[in-house]
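One structure below.
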């Protein structure tokens, strides 16, 4: 279950706040003076053309990329001051799905969850069933299609207690059914008080409000 | 103090300051180097055992002492790069590595030339030569890593880390190599204390040479760093202005 | 999704899970497990062919031969340490764990040593026999390898972590790491040589132990920092 932000004493603070973010790559400014806030219950789509820095922005927010200037706050506290608390509430799924091909789906999930909080085999089975991989728990990931491997990583969404999901192009290899499932998961998560930051070229159809952060126009565009 | 420290981090400030210093450094180096070389070659008495061979000490010892100082220098620059993300520190570290490697190579070569008449062989697995050789390998590693990583920022931080790891290792390597084998005369011979077997007529020119070669190293490092500053800051306004101002003179 | 409201996972759970995962991967890739060992065996066998088959000659070079070969075998096996994780994205997951990276990297290093260092230690007496090492030096050889090979894994890990993102790694890993391993090689080989001379070995063991303690406490930190730089 995502931990409820209502229980937090700093409820008035936005979950994630970025202030005056600046990033430059190979002498080219990707974005500068970027400000935005992400509140509990927000689903925010990061938009921009190819090479506009969407992936870079997500990696900066997660702390995987340190080549930036500006300030990042988690629940009002600078992230660097309490990185552990931030990481405990973060779930990141990148371009590379984080699924080892030699291991089975179960072995992969068992490890990646144990890095945050361990899960039982029954939970893994339930999560795999939800993402349409019933019966695949003990199949070596090498024998799965790219879409199925992506689904294995999506199962982590169901197994993680994280409040903030940062998803980089999670829809790319999914079929129509997988897209539906993921959209459902996103909606459920924000409804339960979580927050999602997602990049995708896919047109999201979700029952909740969708905020947009456009890197081409620099700033939050309400939608 | 801190304001000064961060101003030092500005490449522009460093470029202007070093530009004002350079002429003085040139003068000081020329004077010290000519005095040192003439004194060492013509006026220092022959060693009662080594004869004229002793004169190579006046090149070997200063050069070797700088090669030993190179890793600590790169490690300090590395810490500054990692902690304060100061770009100038990385430029200095980047330029120091090849210069340090050249100094180490010269120290090895002069060591070999000195060793030939003394030990009767060009190369001996003597403790200090060996640890100098390993340090040369470490420097080559840092240079290789720098050239292998494409992203300048990642290369800066990776080399900073490797320099720190290397600097922690250098004393361990030195100690273990000494423990392994020792042919060389103990380093204390060059200590400038009262118990030194050398009289002032030997060590005063040595001190002069050490200062002269240090100045040579500093000047090389400054020139190299200034080039690197111009390359990396080529898009900033002050470099554009600087180059525009130079053009008419060159034409 | 029922038992997730429990207390924060301990660092130990994450440590154990990482260790288990890496051992599991190693077991599933037997070839990767065997190759460094075969390499070790072949390199050692090359020395009698290249140097001399004279027993006295071989006795003299036995210690150094085994140690240098162990060093090279360790180099060869290092590439597996983070590369697959880097390529499939698992490394990012590791770096985003709220647990201290020191312990997670340490777990990976221990797993690497268990599958690449320990077999070398166990195989060493056989090779020592083939090189006519005096029987009284076997234990010294094994003990020094037991203390020294973990240091090789820990130092090597820093080098791999620094180079894992490079497209063409080539020999750069060896160029970076080999000079760092000189002290281990010197002390280990000298201990085996000195035992044949009947010298006391307390100093050798304590030096190797000190190196192991130093690298256990510092090297995983350097590896973790290097991994962060490499995924940047």
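No other residue among C:86, C:102, C:138 is surrounded by fewer than 18 Cβ atoms within 10 Å (Cβ to Cβ), within 14 Å of another protein chain (Cβ to nearest Cβ) and out of contact with any strand residue (DSSP E or B) (no Cβ under 9 Å at 6 or more places or on another chain) apart from C:102. In summary, residue A:108 fulfils each of the numbered conditions (1) buried (at least 23 other Cβ atoms within 10 Å of the Cβ); (2) touching a strand residue (DSSP E or B) at 6+ places or on another chain (Cβ under 9 Å) with the single exception of condition (2).
In the list C:127, C:94, which residue meets the criterion of being crowded, with 23+ Cβ neighbours inside 10 Å and more than 28 Å from residue B:172 (Cα to Cα)?
Working: C:127 fails: crowded, with 23+ Cβ neighbours inside 10 Å.
Only one candidate qualifies: C:94.
With respect to residue B:63, determine if the residue is under 14 Å from the mean Cα position of the chain (by Cα) and surrounded by 15 or more Cβ atoms within 10 Å (Cβ to Cβ). When the stated conditions are applied, residue B:63 passes them. The set of residues in region A:47-73 being within 10 Å of another protein chain (Cβ to nearest Cβ) and closer than 17 Å to residue A:212 by Cβ is empty. In summary, helices (runs of 4 or more DSSP H) completely within region A:36-151 and bearing 3 or more residues that are over 26 Å from residue C:18 (Cβ atoms) and under 19 Å from the mean Cα position of the chain (by Cα) occur at A:54-62.
Residues of region C:16-28 include none that is within 14 Å of another protein chain (Cβ to nearest Cβ), assigned to a helix (DSSP H, G or I), farther than 26 Å from residue C:133 by Cβ and at pLDDT below 85.
Go through the residues of region C:172-191 one by one and say whether even a single one is more than 9 Å from chain B (Cβ to nearest Cβ) and free of Cβ contacts under 8 Å to residues at least 24 places away in the same chain. No, because not a single residue in region C:172-191 is more than 9 Å from chain B (Cβ to nearest Cβ) and free of Cβ contacts under 8 Å to residues at least 24 places away in the same chain.
Among the candidates A:187, A:162, the residue that is in contact with a strand residue (DSSP E or B) (Cβ under 8 Å, 6 or more places away or on another chain), in contact (Cβ under 8 Å) with a residue 60 or more places away in the chain, more than 8 Å from chain C (Cβ to nearest Cβ) and outside any loop (DSSP other than H, G, I, E, B) is uniquely A:187. Output the residues belonging to region A:49-65 that are touching a helix residue (DSSP H, G or I) at 6+ places or on another chain (Cβ under 7 Å) and closer than 16 Å to residue A:24 by Cβ. Selection gives A:65 alone. Of the residues making up region C:75-97, those that are in contact (Cβ under 8 Å) with a residue 60 or more places away in the chain and under 19 Å from residue A:61 (Cα atoms) number 5.
Screening region C:212-224 for residues that are closer than 30 Å to residue B:155 by Cβ and touching a residue at least 60 places away in the same chain (Cβ under 8 Å) and picking the one that is nearest to the other protein chains (Cβ to nearest Cβ) gives C:222.
Could you identify the single residue in A:76, A:33 that is touching a strand residue (DSSP E or B) at 6+ places or on another chain (Cβ under 7 Å) and either in contact (Cβ under 8 Å) with a residue 40 or more places away in the chain or within 21 Å of residue C:100 (Cβ to Cβ) (or both)?
Working: A:76 fails: touching a strand residue (DSSP E or B) at 6+ places or on another chain (Cβ under 7 Å).
After applying the criteria, what remains is A:33.
Could you tell me whether any residue of region B:184-191 is over 30 Å from residue A:28 (Cα atoms), touching a helix residue (DSSP H, G or I) at 6+ places or on another chain (Cβ under 6 Å) and at pLDDT 85 or above? No, because not a single residue in region B:184-191 is over 30 Å from residue A:28 (Cα atoms), touching a helix residue (DSSP H, G or I) at 6+ places or on another chain (Cβ under 6 Å) and at pLDDT 85 or above.
If I ask for residues that are at the interface with chain C (Cβ under 8 Å from one of its Cβ atoms) and either part of a helix (DSSP H, G or I) or closer than 29 Å to residue B:181 by Cα (or both), which ones from region B:143-152 would you list? Matches in region B:143-152: B:144, B:145, B:148. Filtered by the rule that a residue be crowded, with 19+ Cβ neighbours inside 10 Å and either touching a helix residue (DSSP H, G or I) at 6+ places or on another chain (Cβ under 8 Å) or more than 14 Å from chain C (Cβ to nearest Cβ) (or both), region A:74-92 gives A:74, A:75, A:79, A:86, A:90, A:91, A:92.
Out of C:198, C:202, C:209, C:159, I need the residue that is more than 8 Å from chain B (Cβ to nearest Cβ) and under 16 Å from residue B:175 (Cα atoms). Which one? Steps first, please.
On the way: C:198 fails: under 16 Å from residue B:175 (Cα atoms); C:202 fails: under 16 Å from residue B:175 (Cα atoms); C:159 fails: under 16 Å from residue B:175 (Cα atoms).
Only one candidate qualifies: C:209.
Is it fair to say residue B:213 is within 18 Å of the chain's Cα centre (by Cα), over 30 Å from residue A:28 (Cα atoms) and surrounded by fewer than 16 Cβ atoms within 10 Å (Cβ to Cβ)?
Working: within 18 Å of the chain's Cα centre (by Cα): yes; over 30 Å from residue A:28 (Cα atoms): yes; surrounded by fewer than 16 Cβ atoms within 10 Å (Cβ to Cβ): no.
In short, no.
Kindly evaluate residue C:41 against the criterion of being modelled with pLDDT of 90 or more, farther than 21 Å from residue C:227 by Cβ, away from chain A (no Cβ under 14 Å) and surrounded by fewer than 16 Cβ atoms within 10 Å (Cβ to Cβ).
Values: modelled with pLDDT of 90 or more: yes; farther than 21 Å from residue C:227 by Cβ: yes; away from chain A (no Cβ under 14 Å): yes; surrounded by fewer than 16 Cβ atoms within 10 Å (Cβ to Cβ): no.
Against the criterion (modelled with pLDDT of 90 or more, farther than 21 Å from residue C:227 by Cβ, away from chain A (no Cβ under 14 Å) and surrounded by fewer than 16 Cβ atoms within 10 Å (Cβ to Cβ)), residue C:41 does not qualify.
Residue by residue, here is whether (1) modelled with pLDDT under 90; (2) under 22 Å from residue A:114 (Cα atoms); (3) more than 14 Å from chain A (Cβ to nearest Cβ); (4) not in a loop (DSSP other than H, G, I, E, B) holds:
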| site | (1), (2), (3), (4) |
| --- | --- |
| C:14 | no, yes, no, yes |
| C:36 | yes, no, yes, yes |
| C:49 | no, no, yes, yes |
| C:61 | yes, no, yes, yes |
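The values are calculated or read from the model by the stated rules, or taken from the named source; none is laboratory data. Because the structure is a prediction, the values reported are computed rather than measured. As a convention, Cβ positions derive from the backbone with ideal geometry for all residues, glycine included, and neighbour counts pool all protein chains shown.
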